[in-house]
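Working notes, structure below.
The values are calculated or read from the model by the stated rules, or taken from the named source; none is laboratory data. Bear in mind the structure is a predicted one, so any value in this text is a computation, not a measurement. FYI the Cβ positions are ideal-geometry reconstructions off the backbone, even for glycines, and counts take in every protein chain you see. Ligands, DNA and RNA are excluded from the accessible area calculation, which covers all protein heavy atoms including side chains. Shrake-Rupley method; radii C 1.70, N 1.55, O 1.52, S 1.80 Å.
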There are 2 protein chains.
Amino acid sequence: MKLIVGSPGTWSGLALRVSQCVFALASICAMASGFGFTNYSAFFYMIVALMVQLMWSLALACVDIFSVRNTKDLHDWMLVTLIVVGDWITAVLVFTGASASASVTILFTRDTHICRVYTRLACGQFALSIVLAFIVWLLGAASCFSGFWLLVSFL
Amino acid sequence: MKLIVGSPGTWSGLALRVSQCVFALASICAMASGFGFTNYSAFFYMIVALMVQLMWSLALACVDIFSVRNTKDLHDWMLVTLIVVGDWITAVLVFTGASASASVTILFTRDTHICRVYTRLACGQFALSIVLAFIVWLLGAASCFSGFWLLVSFL
């Protein structure tokens, strides 16, 4: 089994998956606890994308735990391709959601100053949630990249 | 010289670059002719990203024309890597801009119905511009993918 940092079935891979779950959950909680997020499609879409990422990372964390406990080699060509494609799709979803939500938050805070006028709107929490979502995306991209590197090493 | 559709220095590559320029220009014109686009950061950011894409595609179209006319082989490892990285960066910029602008347009048309109330705002043109920007992104992604495929074939 090749030792590539962050690849499936390794301790570093498991740590990446767990971090993704933690940050995705924190981002969802920060957004969901903010008043008025359900009124805006971009925020709602980001929550859905983060939930997809959370479920995907949770499932792969379980696979990693199984692999690490039983010292089972997960570096099969087909399995790694499947994981890389899944990682890529979830990373794109989260990135799109975070970009969309960031633009709406910038519209509220800078372009129209709605946040200053309508203080009940939880703009601070929206911003925090978006920053956490971008961290989730970075961690997802790291997983995707290490899996991809493993695929290239099969060639 | 390997014949990969859309790779640098081929007729199909040149066609892809010219299409990127045409669609990017059309998108910029659609957005810039709409009333009120300068007030919103997301739209402004998309215009900047499209301009970067336009300049990049124009420069590479010139390189492709030179290569096709003089039947010069551009399939050098370093050059293709540079082009793929540049394509990837511009594609990500355009994708982020298009996602951000799409979310703001959805906010205007569906979430708050500002377009219906404030009819002077050119929501139709914004939507057209965003669709064109997504086409630019797809064409950019196609260029990036074919260049990447060429890189893999060097391995």
Quantify, in whole percent, the carbon and sulfur part of the accessible surface of the protein assembly as shown (1.4 Å probe; protein heavy atoms only). 75 percent
Hey, with R₀ at 22 Å, roughly what FRET efficiency would B:Met51 and B:Leu79 work out to, going by the Cβ-Cβ distance, to 0.05? 0.40
B/A buried area, accessible surface, summed, 1.4 Å probe, Å²: 1300 Å²
Highest-fluctuation residue, B:Ser57, B:Ser19, B:Ser143 considered, GNM on chain B with Cα pairs under 10 Å: B:Ser19
Under a Cβ-Cβ limit of 4.7 Å, which cysteines in chain A have nobody to pair with? A:Cys21, A:Cys29, A:Cys62, A:Cys144
Starting from a label point 7 Å past Cα on the Cβ side, list the distances from B:Val68 to the same position in the other copies, nm, shortest first. 5.3
To the nearest 20 debye, what charge dipole does chain B have about its Cα centre, counting +1 at the Cβ of each Lys and Arg and -1 at the Cβ of each Asp and Glu? 300 debye
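Quickly estimate the mean residue ellipticity at 222 nm for the protein assembly as shown, helices only: each DSSP H run with n ≥ 4 gives -39500 (n - 2.57), and the total goes over all residues, rounded to 500. Write out the running numbers ahead of the final one.
Numbers: 10 runs with 234 residues, N = 310.
Roughly -26500 deg cm²/dmol at 222 nm, from the helical runs in the protein assembly as shown.
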Round to the nearest 0.05 the FRET efficiency obtained for B:Leu3 and A:Leu138 when R0 = 35 Å and r is the Cβ-Cβ distance. 0.40
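Could you do me a favour and compute the accessible area per residue for the stretch B:1-119, 1.4 Å probe, result in Å²?
Details: 6050 Å² over 119 residues.
Ligands and nucleic acids excluded, the result is 51 Å² per residue.
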Measuring label to label, 7 Å along Cα→Cβ, what does A:Leu3 give against each other copy in nm, shortest first? 4.7
List the residues of the stretch A:102-120 for which accessible area in the full set of protein chains is at least 40 Å² lower than for the chain on its own; 1.4 Å probe, protein heavy atoms only. A:Ser103, A:Leu107, A:Asp111
Out of every Cα pair in the protein assembly as shown, what percent are spaced more than 38 Å from each other? 23 percent
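Please compute, over every Cα-Cα pair in the stretch B:97-147, the percentage with a separation greater than 15 angstrom.
On the way: 654 of 1275 pairs.
Roughly 51 percent, rounded to a whole number.
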Please compute the Cα-Cα pair-distance distribution of chain A with 5 Å bins starting at 0, giving whole percents from short to long. 2, 10, 19, 20, 14, 11, 9, 7, 5, 3, 1, 0
Residue among B:Leu93, B:Leu16, B:Leu128 with the largest mean-square fluctuation in a Gaussian network model of chain B, springs linking Cα atoms under 10 Å: B:Leu128
Net charge contributed by nearby residues that have their C-beta within less than 10 Å of A:Gly140 (K/R +1, D/E -1): 0
Could you give, in nm with one decimal, how far B:Asp111 is from each other copy of that position, shortest first, with labels 7 Å out from Cα toward Cβ? 1.0
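First measure r as the distance between the Cβ atoms of B:His113 and A:Leu151, then evaluate 1/(1 + (r/R0)^6) with R0 = 45 Å and state the FRET efficiency to the nearest 0.05. Don't jump to the answer; show the numbers that get you there.
Values: r = 47 Å, r/R0 = 1.05.
The calculated FRET efficiency here is 0.45.
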Among A:Ile65, A:Ile47, A:Ile130, determine the one that fluctuates most according to a GNM of chain A built with springs between C-alpha atoms less than 10 Å apart. A:Ile65
